[in-house]
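Q: Below are the structure tokens for one structure; questions will follow.
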Amino acid sequence: MEKIRVANILLTHRCNKRCSYCNVVKEYKNKPDKYNPIYLLNRNELTSDKWIEIIDNLATNNPDITIVFYGGEPFLYNGFQSIIRHCNRNKIN
């Protein structure tokens, strides 16, 4: 079975900038009703414990995986430091 090499993890849609080229935090006109507005996505972020569980599962099944954190602005995510510490302690790239 093919292994996952890279996991892109979107921690948050929150951002303190409004860059013209970024589409992660943008609200779109005429978007389908099935897509939640940004404020709901921000309110329903996963906890850092849940992200650590997901990352551990990914790393267990894909030992050479590289994790990429992005967002919005990942440093605005409250548990970002604990997730990074966990990855460093467990040698998860």
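Q: Under 20 Å from the 7 Å Cα→Cβ point of Arg5, by amide nitrogen: which residues of the stretch 57-86?
A: 58-70
Q: If I measure Cβ to Cβ between cysteines in the chain, which ones have no partner under 4.7 Å?
A: Among the cysteines of the chain, those whose Cβ sits 4.7 Å or more from every other are Cys15, Cys87.
Q: Hey, another quick one. What's the carbon and sulfur percent of the chain's accessible surface, probe 1.4 angstrom, rounded to a whole number?
A: Values: 3550 of 7080 Å².
The computed percentage sits at 50.
Q: Sticking with this structure for a sec: Rounded to whole Å and ordered largest first, report the semi-axes of the equivalent ellipsoid of the chain derived from its Cα gyration tensor (root of 5λ). Show your work: numbers first, answer last.
A: Numbers: eigenvalues 144, 47, 31 Å².
So the three semi-axes of the chain are 27, 15, 12 Å.
Q: Where does helix 48-61 land angle-wise versus the long Cα axis of the chain, in degrees 0 to 90, nearest 10?
A: Tilt of helix 48-61: around 50 degrees.
Q: Run the 1.4 Å probe and let me know the accessible area of Phe69, rounded to the nearest 10 Å².
A: 40 Å²
Q: What lysines could a cross-link reach from Lys17, if we take a straight Cα to Cα line under 28 Å and drop same-chain neighbours fewer than 8 places away?
A: Leaving aside lysines fewer than 8 places away in the same chain, those within reach of Lys17 are Lys26, Lys29, Lys31, Lys34, Lys50.
Q: Percent relative contact order of the chain, based on C-alpha pairs within less than 8 angstrom and at least six residues apart?
A: Values: 98 pairs, mean separation 45.0, N = 93.
Value for the chain: 48 percent.
The values are calculated or read from the model by the stated rules, or taken from the named source; none is laboratory data. All values derive from a computational prediction rather than experimental measurement. Backbone-built Cβ (ideal geometry, glycine too); neighbour counts: all protein chains shown. With ligands, DNA and RNA removed, areas are computed over all heavy atoms of the protein, side chains included. Shrake-Rupley method; radii C 1.70, N 1.55, O 1.52, S 1.80 Å.
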